[in-house]
Amino acid sequence: MTKAILAAAAAILIVAPPGDAQEPPVRWQRRVEASVPPVTVFHSTQSANLATAETLLKGEWLFEISHRFLPPLSGGADALWGLDGPVFNRLGLSYAVSDRAMLSLVRSNLADNVELGAKVRLLEGGRSAIPFMVAVNGGVAWNTQLPDVDGLEDNESQTYAQLVANALLGGRFAVGVSPTVLHNPRVDDVEAGNAFVLGLAGQLYLSEQASVLAEWVVAGEREGLEHDAGTFGLELETGGHFFKLLLSNSARMNPTQLLGGTPYAFNADEWRLGFNITRVLVF
């Protein structure tokens, strides 16, 4: 029996090709292409007020409710530090038609400003060095509650177009620049004009959930809107929600209104409380 077993083993060794015995299958090689992590700079589609280059994923919706309280924080306890109101309210709904493009409809009760907007992310890169994104953003708005002045009824619309460039420095500090052309920055004028506006944004991510942010809108001086709008605050991110608690010298939120400037100077006596709440929805 032993001789038969040895003879069978010898026959197998002789018949089998040498490579089959010496080269076991390579198992460490990747069988599918490695997934490339997406570029991320700002986590949210907007800073406090300014748009970022971030977009939603195709088919996602974004619902927003935001408030800016009109009494300043300096009013103290008599006005509950501004929380007694009144307030400017903003409601918004956005939809991603693709991973790189989204449409939005927002309304503010300031002059009943209703805006239809669009944003398209053009490019991104710098994954291993300085991640960056570039997008174009713009919109058209109508103000349906203007002062009863002859000629203003023909000047209720506003438009804007902006280039949005974002970069992430040191893995935690996101910066953004938004050069903008704004048509009809002051709807109280019978004759519509044009303005060049520069938006600046920065956000320091302290953890996966918490960050501090600030932005500044260089708008130029015009009657009733003599000052640039500055905003700073805290952002909390959790499970598709963004909650932003803000202080600002502007109570204006919709882009065509914010970009025109503010009547209040940027000092502590003129800071007003505000918040943004957004929620990503998938149906």
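The values are calculated or read from the model by the stated rules, or taken from the named source; none is laboratory data. Values in this document were obtained by computation on a predicted structure and should not be read as measured data. Neighbour counts run over all protein chains shown; Cβ positions are idealised from the backbone, glycine included. These accessible areas exclude ligands, DNA and RNA; they are computed on the full protein's heavy atoms, side chains included. Shrake-Rupley method; radii C 1.70, N 1.55, O 1.52, S 1.80 Å.
Annotations
- Charge tally around Leu200: other residues with Cβ under 11 Å, Lys/Arg +1 each, Asp/Glu -1 each, net -2.
- Stretching the chain fully between Ser207 and Leu70 yields a gain of 46.2 nm (0.36 nm per residue, less the alpha carbon separation).
- Against the criterion of solvent-accessible heavy-atom surface with a 1.4 angstrom probe, Tyr95, Tyr205 sort, most first, into Tyr95, Tyr205.
- Mean accessible surface per residue for region 92-212, computed with a 1.4 Å probe while every protein chain stays in place, in Å²: 49 Å²
- Note on Glu208: accessible area approximately 140 square angstrom, rounded to 10, probe 1.4 Å, nucleic acids and ligands left out.
- Annotation: region 107-266 has a Kirkwood hydrodynamic radius of 17.0 angstrom, from the mean reciprocal C-alpha pair distance.
- Net charge of neighbours whose Cβ lies under 12 Å from the Cβ of Ser94, counting Lys and Arg as +1 and Asp and Glu as -1: -2
- Listed residue (Asn137, Leu91, Trp81) projecting farthest to the positive dipole end of region 59-140, Cβ model: Asn137
- Of the solvent-accessible surface of region 109-259, computed with a 1.4 Å probe over protein heavy atoms with every protein chain present, carbon and sulfur atoms account for 61 percent.
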